[in-house]
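As structure tokens, the structure follows; a few thoughts come after it.
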Amino acid sequence: MALTVETGAGLAGADSYLSVADADTYHTAHGNPTTWSAIGTDAEKEEALRLATQYLDLAYAGQWRGAKGAQAQALAWPRIQAETDGGYIFSSTALPLLLRHATAALALLHVTETAAGSSLLPDQSTPASVEREKVAVGSIEIDTTYTGGNAPFKKYSMVDLMLRALTLSGNTIERA
């Protein structure tokens, strides 16, 4: 299936924030041309870009500034009323450069994670541990169970920093 790149128009069928050609350009400019070009076919690069875009929309849901430009648009961007801490309003008909850069970076991470037998968003089993605590105060007894474990997110610091201006209060998402 051909990649449908969001143009800033709020496309209902968009599945990527970046084209293969733009990802090629990004990785050439940022010192990753060999690793990125070693992926092989454009279809494999398109898959990586789709998964990177999906990761961005899922991992940062509820953190993006502004609101979706149209209810029918497939992706979280473009957005309306998305303002930086400095008061700059992002265009509602274009995608921020940092969002496109983050998509390229995550697409390459997808490829390297897959080669290592992992993924951008691995399934994790929880709970890792269980503790019980009983507290009695007079005739009232409270029995609480705590479960621990890892959140199903990996931390991609470079991507978090790229997206800092696009998320609420410049906050990054904490991931385990």
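Every read-out reported here was derived from the displayed coordinates using simple, explicitly stated rules and does not represent laboratory data. Nothing here was measured: the structure is a model prediction, and the numbers come from that model. FYI the Cβ positions are ideal-geometry reconstructions off the backbone, even for glycines, and counts take in every protein chain you see.
With the convex hull built on the Cα atoms of region 1-103, state its orientation-averaged projected area in nm².
Working: hull surface 27.1 nm².
Average of the hull's projected areas for region 1-103 equals 6.8 nm².
Per-residue Cβ neighbour counts within 10 Å put 4, 35 in the sequence 35, 4, beginning with the fewest.
So what's the net charge close to residue 164: Lys and Arg +1, Asp and Glu -1, counting the other residues with Cβ under 12 Å from its Cβ?
Working: positive: 65; negative: 85, 160.
Summing Lys and Arg as +1 and Asp and Glu as -1 gives -1.
Here 68, 155 are placed in order of increasing Cβ neighbour count within 10 Å, fewest first, which gives 155, 68.
Over all other residues within a Cβ to Cβ distance under 13 Å of residue 68, the charged ones net out to 0, with Lys and Arg as +1 and Asp and Glu as -1.
Near residue 110, within a Cβ-to-Cβ distance under 12 Å, what is the net charge of the other residues, with Lys and Arg +1 and Asp and Glu -1?
Details: positive: 45, 50, 154; negative: 44, 46, 47, 113.
The answer is -1.
Counting every other Cβ atom within 10 Å of each residue's Cβ, 6, 44 order from fewest to most as 44, 6. Computed about the Cα centre, the dipole magnitude for region 1-122 is approximately 280 debye when only Lys and Arg (+1) and Asp and Glu (-1) carry charge, each at its Cβ.
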